[in-house]
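The values are calculated or read from the model by the stated rules, or taken from the named source; none is laboratory data. Computed from a predicted structure; not experimentally measured. As a convention, Cβ positions derive from the backbone with ideal geometry for all residues, glycine included, and neighbour counts pool all protein chains shown. Protein only, heavy atoms only, side chains kept; ligands, DNA and RNA dropped before computing areas. Shrake-Rupley method; radii C 1.70, N 1.55, O 1.52, S 1.80 Å.
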Amino acid sequence: MENQRAFTRVFLEITKYTERLAMLSEDILQIYASSFRENWESPALTEYTTDETLTYADLARRIARTHIFFELSGVRPGDKVGLLGKNSVSWVVSYMAILTYGAVVVPILPDFNPQDAQHILNHSDSVMLFVSDHIWEHLDFDHLPAIKIAMSLDNQQLLGHHLKNDDMVNKILTSLTKAFNRRFPDGFGPNNVAYGIFPKDAVAEINYTSGTTGFSKGVMLTLNNLCGNVVYAMRSKLHYPGSRSLGFLPLAHAYGCAFDMLAPLAVGSHVTVFGKMPTPKLLIKAMQEVKPTLVLSVPLVLEKIYKKQLLPIISKPSIRRMMAIPILRGRVYSKIRAKLIEAFGGEFEQIIVGGAALNPEVEEFLMKIKFPISVGYGMTECGPLISFTPWRRFIPGSSGRTLPGLMYSKILSDNEAYIPGEICVKGENVMKGYYKNPQATSEVLDKDGWLHTGDMGTIADAGTIFIKGRYKTMLLSASGQNIYPEEIENKLNNLPYVAESLIVQRGNKLVALVYPDFEAMDKSRLTSEMMPQVMEKVRQELNRLTAPYERVDEIQLRANEFEKTPKRSIKRYLYQ
């Protein structure tokens, strides 16, 4: 018996050890080398505002030139390089050059204020910076002592340096073309595309979260983490040679970065980079021009379309009467679906929603009309993907299936299918940790490699995840029931005259903080003096839609929008 126990202990230790060593056989840098060679003449990147297009040959050539620039500037593999600017072809070229050189990309959301951006650059130990001119104007370069050279993303010109003298900088810049020609005397062709072999657990990117609950942390993503996301996209054929992508999500955010840039470029897709503010009007125009074959979106885009355009139509008495008759209801749904599909370009296979939870009412309606939509689940700490199911097999209300063969999930509860608990995940995509923050790392990564996500939910058969809300935002009712404020907010945000809301607890009372929809108020000729009475009716309607223990006791109006993170999530911690 003792021998059997000893064997079991050894077996478990070996299992844990092999789990830690398990990594993908694919190498992400070699994936790009192959893609660039195989798709040499195909279009890779187009700047939406100018129609400037780079083929894969152009992209590979500019990457090789940047690698030489790194060498001449003293940047070594493993060094950190900051990348701060809006979406652009130049941004993508810089990212791919840093990654394939073996350096560490530090992408910074352009919506971070200058002080936060400077803190990130210093905290990450970045030695070089690529930055948009309009952001550079607000940075204090004297307070970025580790940055050797700062280059413009707009025109590839020198913006500043901390080298010994100007002659050294001028020598680097003037000798770049000569060095490139010496390196490739017969010209740069497909056979010249070659990238180094680095350990798969080497850090490839430090992505600073925009956090709704406090200070940002530097998520260390390895080459293998990025590869896990890319390999999943390749296996699922989300992108393919010649497919089209419109990159309007921030590329500095893990979601847009992985599936609007890294995955498409790995298979020969054509990425149109959208660097403008993505208003619904501009987006629809761009979609109809680019006609993407896959659309990535955040919930806000679809929720605005539903509330501002679809809800007024389906709320009309005549339409409601038609929808009460099965034959006519099908025609109404078909017509709405066709118009929506056309609005997004008309040639996409599906729309994938991520970055936050989709409002259940919006999702339910889109499912009713059989709109090709699926909701995925991820977080920066997984670079970002945890779960996803293609739309034809998507289960409404879920966040997709835990990535088979790549990720594993479990729920910390007595019955993970019925009793919500914290969602924990492990696998290829899970980060290495938080940069220079072992305490924060130990709080979310346990000794067995499980990442504690902070999200509450359940898991059904085959690893399908159902999210209830955030562990840190969960409230407790006076009678002991768990209250997930996000669920109440979703219902409240769909009611008239509510632009956005936040549910907080004041003693034993639930209070809804509401920023009104002033545009809707103006259309209905409502004055600010009338709003308390209007909001009381909204509160009563909300309480008819919620469970007894979720009922809101009071609505408090706000004159200004809630303060948000760069990815437009409300900073909840400011209002608790």
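For residues in the range 474-528 being out of contact with any strand residue (DSSP E or B) (no Cβ under 9 Å at 6 or more places or on another chain) and assigned to a helix (DSSP H, G or I), which is most open to solvent (accessible area, probe 1.4 Å)?
Looking at the filtered set, the residue picked out is K523.
Scan the range 544-561 and give yes if some residue there is in contact (Cβ under 8 Å) with a residue 12 or more places away in the chain and under 27 Å from the mean Cα position of the chain (by Cα), otherwise no.
Yes, that holds for at least one residue.
Per-residue answers, yes or no, for (1) surrounded by fewer than 16 Cβ atoms within 10 Å (Cβ to Cβ); (2) closer than 27 Å to E289 by Cα; (3) under 14 Å from the mean Cα position of the chain (by Cα):
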site: G330; (1), (2), (3): yes, no, no
site: Y333; (1), (2), (3): no, yes, no
site: I336; (1), (2), (3): no, yes, no
site: F344; (1), (2), (3): no, yes, no
site: F348; (1), (2), (3): no, yes, no
site: G354; (1), (2), (3): no, yes, yes
site: I373; (1), (2), (3): no, yes, no
site: G376; (1), (2), (3): no, yes, yes
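Name the residues in the range 229-248 that are within 18 Å of E381 (Cβ to Cβ) and either modelled with pLDDT under 95 or in contact with a strand residue (DSSP E or B) (Cβ under 7 Å, 6 or more places away or on another chain) (or both), would you?
N229, Y232
Please name all residue pairs, on different chains or six or more residues apart, with Cβ atoms under 8 Å, provided the first residue is in the range 185-201 and is under 17 Å from Y101 (Cα atoms) and modelled with pLDDT of 95 or more and the second residue is open to solvent by 60 Å² or more (accessible area, probe 1.4 Å) and assigned to a loop (DSSP other than H, G, I, E, B).
From residues that are under 17 Å from Y101 (Cα atoms) and modelled with pLDDT of 95 or more, the pairs are G196/P77; F198/P77; K200/M23; D201/M23; D201/K432.
Quick one: is I147 touching a helix residue (DSSP H, G or I) at 6+ places or on another chain (Cβ under 9 Å), hydrophobic (A, V, I, L, M, F, W, C) and assigned to a loop (DSSP other than H, G, I, E, B)?
On the way: touching a helix residue (DSSP H, G or I) at 6+ places or on another chain (Cβ under 9 Å): yes; hydrophobic (A, V, I, L, M, F, W, C): yes; assigned to a loop (DSSP other than H, G, I, E, B): yes.
Taking the combined requirement at face value, the residue satisfies it.
Which one is most open to solvent (accessible area, probe 1.4 Å) among residues in the range 267-285 that are over 11 Å from T46 (Cβ atoms) and among the hydrophobic types (A, V, I, L, M, F, W, C)?
Filtering the range 267-285 down to residues over 11 Å from T46 (Cβ atoms) leaves 267-269, 275-285.
If we keep only those that are among the hydrophobic types (A, V, I, L, M, F, W, C) too, we end up with 267, 277, 282-284.
Values: V267: 22, M277: 143, L282: 61, L283: 10, I284: 50 Å².
Checked the range 267-285; the qualifying residue most open to solvent (accessible area, probe 1.4 Å) is M277.
Please go through the range 420-459 and give me each residue that is closer than 17 Å to L223 by Cα, part of a strand (DSSP E or B) and open to solvent by 20 Å² or more (accessible area, probe 1.4 Å), ordered by number. It would help to see each step written out before you state the result.
Here is the first cut: in the range 420-459, the ones closer than 17 Å to L223 by Cα are 426-435.
After this cut, where a residue has to be part of a strand (DSSP E or B) as well, the list is 426-427, 433-434.
K426, G427 - these are the residues of the range 420-459 that are closer than 17 Å to L223 by Cα, part of a strand (DSSP E or B) and open to solvent by 20 Å² or more (accessible area, probe 1.4 Å).
If only one of D116, D125 is at pLDDT 95 or above, farther than 30 Å from Y56 by Cα and open to solvent by less than 90 Å² (accessible area, probe 1.4 Å), which one is it? Don't jump to the end; show me each part of the working.
Working: D116 fails: at pLDDT 95 or above.
Exactly one of D116, D125 is at pLDDT 95 or above, farther than 30 Å from Y56 by Cα and open to solvent by less than 90 Å² (accessible area, probe 1.4 Å), namely D125.
Looking at this structure, is R65 more than 30 Å from N122 (Cβ to Cβ), in contact (Cβ under 8 Å) with a residue 60 or more places away in the chain, assigned to a helix (DSSP H, G or I) and of a type outside the set (A, V, I, L, M, F, W, C)? Before the answer, list the steps.
Numbers: more than 30 Å from N122 (Cβ to Cβ): no; in contact (Cβ under 8 Å) with a residue 60 or more places away in the chain: yes; assigned to a helix (DSSP H, G or I): yes; of a type outside the set (A, V, I, L, M, F, W, C): yes.
In short, no.
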